[in-house]
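All remarks here apply to the structure that follows.
The values are calculated or read from the model by the stated rules, or taken from the named source; none is laboratory data. Because the structure is predicted, anything quoted here is derived from the model rather than measured. Because the Cβ atoms are built from the backbone with ideal geometry, glycine has one as well, and the counts that use them run over all protein chains shown.
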Amino acid sequence: MYSNMGLIGKPLTHTLSPFIHNYFLYKNSINGGYCCFDIYEDELGKIVEFFKKTNFKGFNVTLPYKETIIKFLDQIDDDARYMNSVNTVKIDDGKLIGYNTDIYGILETFNLYEISPIDKKILIIGAGGACRGLFYVLKKLGYGFIDIVNRNLSKAEKLVKEFNIENFRLFEVNKLNSFDNSLKYDIIINTTSVGLTGDNIYNFEKLSADIAFDMQYSLSGETLFLGKVISDKKVDGLPMLICQAYQAFKIWSGLDFENDYQDIISRLRSRR
Ligand code: ATR
């Protein structure tokens, strides 16, 4: 028997998912493979049929198709429906079932790195797609209060309403850039793609917190944000990526196995 799995999205140039999932296949002595399908939107229907016909166990979905894929599904689980975002699809007897394991990725990273938002003063930078999962988790776990900074304020306002966020303040970028180090947060979280796209308009040097968490990752462990912010505890997005992959693999395989995330992290970090 074999177990094949795939990833769809565009572009997939920098993805680490094949490394992580092929590690899980190897560690569980499963014969099969995980590979990438860098496709255009009008190819979604065709690729889904291909996966079904060739007995794929399932596939991951990344940008920009996490919402578009929903119309091809037979079933969707509660978290994914609430988020209107699917990153994992299981193929079960020809039926497509959608899940969102990004939520688990954030929750488990909080768990592994002892990041507890309960009663904490939190600064969130950005209000795009990555922030949606974070709001979901913060609502679930609880928090003290949240300050949110985004370039586009109306986008942040919309997101706060959608997730029914309470105890928050919204700030313009300029306001954050004039913060001084005396304004100390418990946790600062970067949800932006700053540094990956466009110029950096944020003055991260002015920020300090007990914990700094970047939803972006870097193989060196030091992202643009983590390199500048002042904090004794810095966590990048690599554990989060591994944890969402682990949960997806468990859904496809039905196996309950140990998530050896530290081994995967050290293998990935040594590749740079
Ligand atoms: P999406 O919003 O679809 O998730 P994105 O365009 O990569 O994806 O943006 C994610 C976040 O990064 C947003 O908060 C975005 O800010 P705006 O909502 O103001 O657009 C932020 N972001 C991306 N590039 C940025 C840049 N060069 N400067 C400041 N913020 C940026």
Unmet requirement for G126, which otherwise passes all of (1) at negative phi; (2) at pLDDT 95 or above; (3) within 11 Å of the ligand (Cβ to nearest atom)
(1)
Every residue from region 225-268 that is among the charged types (D, E, K, R) and buried (at least 23 other Cβ atoms within 10 Å of the Cβ)
D236
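Name the residue, out of K140, K121, that is away from the ligand (no atom under 16 Å from the Cβ) and surrounded by 15 or more Cβ atoms within 10 Å (Cβ to Cβ).
From the options K140, K121, the qualifying one is K121.
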Per the filter on region 163-200, residues more than 26 Å from T15 (Cα to Cα), out of contact with any strand residue (DSSP E or B) (no Cβ under 7 Å at 6 or more places or on another chain) and modelled with pLDDT of 85 or more are F163, N164, E166, E172
Flagged pairs (Cβ under 7 angstrom, 6 or more apart or on separate chains; first in region 140-167, over 18 Å from Y185 (Cα atoms); second within 10 Å of the ligand (Cβ to nearest atom) and outside any strand (DSSP E or B)) are R151/V173; R151/I201; K155/A127; A156/A127; A156/N150; L159/A127; L159/C131; L159/R132
For I148, work out the one condition from (1) within 16 Å of the ligand (Cβ to nearest atom); (2) at pLDDT below 95 it doesn't fulfil.
(2)
Would you mind listing the strands (runs of 3 or more DSSP E) fully within region 44-103 where at least 2 residues are in contact (Cβ under 8 Å) with a residue 60 or more places away in the chain?
58-61, 88-92
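Can you name the residue in region 1-43 that is in a loop (DSSP other than H, G, I, E, B) and aliphatic (A, V, I, L, M) and is also surrounded by the most Cβ atoms within 10 Å (Cβ to Cβ) among such residues?
I30
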Is it the case that some residue within region 208-216 is surrounded by 18 or more Cβ atoms within 10 Å (Cβ to Cβ), away from the ligand (no atom under 15 Å from the Cβ), hydroxyl-bearing (S, T, Y) and more than 20 Å from L107 (Cβ to Cβ)?
yes
